[in-house]
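Participant: Sharing a structure here in structure tokens format.
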Amino acid sequence: MPQWLNTWNARLAKWLWWVVLLGVVAALPVMYARVQTESSADEVAIVMDYRDLLQVGNTQANPEAFVQEKLKQLKDAGVNGMAVFESTLEELSWAGEINVYNASQAALLEGKISSPQDNGTYVIFNKPEHEQTLRPIIEWAFRHHGAEVTNWSINDRSGLRLNMGYDDAYIRAMQPNPIAMKALKDAGFMIVPRLSDRFERFDPKEVDKWLQSFQELGVTRVLFDGEAVTGFGKGLKFGGVRTFASELEKYGIGVGIFENLKIPQKGMASLANILKYDAIRAHSVGEAEMTVIKKPVLEDRLVLGVKDRNIRLLYLNAAAVRDSTKGQVTYPFDNIIDVLQGDEDSVGVVKQLKDFGFEIGEPKAFEVHKAPQEMLLRGLAALGAIALIALTFGLFIPSLLLPALVIGGIGGAGLYVLSSTLMVQALVLFAAVAAPTASVVLLIKRIRVLRESSEGHPISGIRRLGGAILLLVRTTILSLAAVPFIVALLNHVSYSLVLQQFRGVSLLHLLPIALVALYVFLYGSGDTVLGNARRILSMPLTVLWIVGIGILGAAGMYYLTRTGNSGQVSGIEMQFRSILENTFGVRPRTKEFLLGHPLFFAGIFLALRYRWGMVLLIAGTIAQLSMVDTFAHIHTPLLLSIIRIFLGLGIGVLIGLVIIVAWQIAEKIWTKWFRSSGQAV
């Protein structure tokens, strides 16, 4: 490269750091706006699955009395909502509203032998006062499902014959039971209907009737049951979701979005967008989990969901289980009640949520706040992110700094035209990788300069400790430069609702470590990059090398399985996390305070004297990138993320200090022993 280009690149680098600083400052008002948004909704609903309650009640001697008893106990414990599904014949029979018979059973009631050609379903209404409400619902639903509906009666009891097989008819969806919803409303519960997309033909007029009845009961939010939202049908292009959204808007009803579903419900992102994100996040504890989960684990899970992940609706399931050990049918309602209201071992979920500033009530969607001139500020943040990426590239190939900046700017603009969302997500990912990479590479360069300037005289322990603290602070600040860019560029409520997510988590957890290792081994050791590469490649491959590579590979695979939201943890680690949460109020990330920060701090201290200390810096890069990754979890409140990383940093430094002291003591003992051994010889 020409000398003038090298000179220009050196000057450009200085100016680009100012551009990065400008981008960081511009992002600060956007960060504050996000904090305001996250503070705008502090009411939480605790909702019980009413169908589960009916199902468990159906195993008891007096189902109706059992259900009423549990409703009162749950309400006293803090449950303020009931989820009511679309009705089925099965559910109505659990509620005691109807009896359902197959053709053979109906024939026996009539004292006849059933016809082989009759496989219909027969319904008898048990409560004449409710028949006028339920009969039209059943008739419409089954005619809509394609079955012929005719009148039938037995012993002066009126009913219906459905020309559909018993097993099929038993589970067909109908309008949510208005009688049950009215009774639950009168009992003081908030009603949360759970709708589905199980009707083969979406009927806007019928849905409008449903939603009108919901509004009269004070319903402000619905949940969805099944793999798609109501109206999705054969796909978004048929317009059912848009029609359904307009009906929801008409009646002022929002939606709830369940987290951690294996497959997101189809149409949810489009529905939420049309509703202008009148949506909240919901967390469900499944029936199978609820039967085995320990009370402390359930309590932590519910509290952390609200506090750490912006959950505003806690959804509780229950199931009757035949316990062969106890020889009876068991159910988890007593555990649920203890977890919510507390017992001798805990204050309970409701009290904990109140202590953290939340109230049990009717959850509302976040009120989105915007910074003044937010689009301009986000544009400056994007410019700062591009500058940071170019600077990181220039640390490895300085002569290509200007071309990298130009290509990055043009490429980003082109991608923005094609897909603004994809461009923003790509820019955020590259900035998230660039910041910890650049900060650690600059640290390595600084350590090498300090070692060379010592002119062969070892730096004293006190000076190394002071230098390690200052260098750690500088490196951490540079790594966190990516945080304002992540927050500003992904500042949209769809990320808070996890309808969109930060992309490239695995890449963020691997690439900075790989780039730092590349810099340590190929740059700055008295030879060119190619020369160092040839030297490493020409080294003999021994069994020790193979074993080492295998260990690194296994560690890398385990490390990747622990990244993201789906990483698996052991029971012991869950207990450890609970202890941290109860001790500090906010749980620092284990890989930061227990692994990354101690290794990094000790690595700086040792690298100021020993070249091999750089290896610890490579491993300790985990902490630097993990701090950045913390803010990629947009559904976690921003203030909590800030507290988490600095708490982890503080604890990690203390552990690192213990390692340093232990090393110094061991080093002095070794030196003393070595000298005494030499004199003895």
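Where a number appears in this text, it was derived from the coordinates with a stated rule and is not lab data. What you are looking at is a predicted structure, and each value in this text was computed from that prediction instead of being measured. Backbone-built Cβ (ideal geometry, glycine too); neighbour counts: all protein chains shown.
Participant: How far is helix 3-38 tilted, in degrees, relative to the longest principal axis of the Cα atoms in the chain, given as a value from 0 to 90 rounded to the nearest 10?
Facilitator: Once rounded, one gets 30 degrees.
Participant: Are any of the pairs 75/127; 250/276; 182/364; 295/364 more than 18 Å apart by Cα-Cα distance, and if so, which?
Facilitator: Working: 75/127 27 Å; 250/276 13 Å; 182/364 22 Å; 295/364 28 Å.
Exceeds cut-off: 75/127; 182/364; 295/364.
Participant: How big is segment 80-199 along each principal axis, measuring the range of its Cα positions in Å and listing the largest first?
Facilitator: 50, 31, 19 Å, listed from the longest principal axis down.
Participant: Starting from a Cα-only point model with no solvent, please compute log10 I(q)/I(0) by Debye for segment 351-397 at q = 0.29, 0.31 1/Å.
Facilitator: Listed by q, the Debye log ratios stand at -1.02, -1.05.
Participant: Cβ under 9 Å from residue 459's Cβ, residue 459 left aside: what net charge do those residues give with Lys, Arg +1 and Asp, Glu -1? Could the numbers behind the result be given before it?
Facilitator: Values: positive: 451, 463, 464, 609; negative: none.
Summing Lys/Arg as +1 and Asp/Glu as -1 gives +4.
Participant: Right, another one. Round to the nearest 10 and give me the degree value, 0 to 90, for the angle of helix 638-680's Cα axis relative to the longest principal axis of the chain.
Facilitator: The answer is roughly 40 degrees.
Participant: Peptides 49-56, 511-518: what's the order by average Cβ count within 10 Å, highest mean first? Mind dumping the intermediate values first?
Facilitator: Numbers: 49-56: 23.0, 511-518: 20.2.
With the highest mean Cβ count within 10 Å placed first, the list reads 49-56, 511-518.
Participant: Ignoring everything except DSSP H segments at least 4 long, calculate the 222 nm mean residue ellipticity for the chain; use -39,500 (n - 2.57) per segment, divide by total residues, nearest 500. Walk me through the numbers on the way to the answer.
Facilitator: Working: 28 runs with 408 residues, N = 681.
Value at 222 nm, helices only, nearest 500: -19500 deg cm²/dmol.
Participant: So how do 401, 657 line up by other beta-carbon neighbours within 10 Å, fewest first?
Facilitator: Numbers: 401 23, 657 17.
Taking fewest neighbouring Cβ atoms as first place, the list is 657, 401.
Participant: Further question: Quick one: if the Förster radius is 51 Å, what FRET efficiency do residue 212 and residue 506 give, using the C-beta to C-beta distance and rounding to 0.05?
Facilitator: Numbers: r = 48 Å, r/R0 = 0.94.
So, using R0 = 51 Å, E works out to roughly 0.60.
Participant: Here is a further query. Taking the inverse of the average 1/r across all pairs of different Cα atoms in segment 189-270, what Kirkwood radius in Å do you get? If you can, show how the numbers build up before the last one.
Facilitator: Values: mean 1/r = 0.0775 Å⁻¹.
Result for segment 189-270, one decimal place: 12.9 Å.
Participant: Here is a follow-up. If each residue's Cβ is checked for other Cβ atoms within 10 Å, how do 197, 168 rank with the fewest at the top? List each step's numbers first, then the result.
Facilitator: Details: 197 23, 168 13.
Going from sparsest to densest Cβ surroundings: 168, 197.
Participant: If you don't mind, another one. Would you mind ranking 476, 392, 421 so that the residue whose beta carbon has the fewest other beta carbons within 10 Å leads the list? Kindly include the intermediate steps, with their values, before the conclusion.
Facilitator: Working: 476 20, 392 24, 421 11.
So the residues, fewest neighbours to most, are 421, 476, 392.
Participant: In straight Cα distance, which lysines are under 17 Å from residue 234, not counting same-chain residues fewer than 8 positions off?
Facilitator: Answer for residue 234, where 17 Å is the Cα cut-off: 266, listed by chain and number.
Participant: Select one label from (1) 121, 74, 43; (2) 110, 64, 48; (3) 96, 74, 47: the one whose number is Cα extents along the principal axes in Å as derived from the coordinates shown.
Facilitator: (2)
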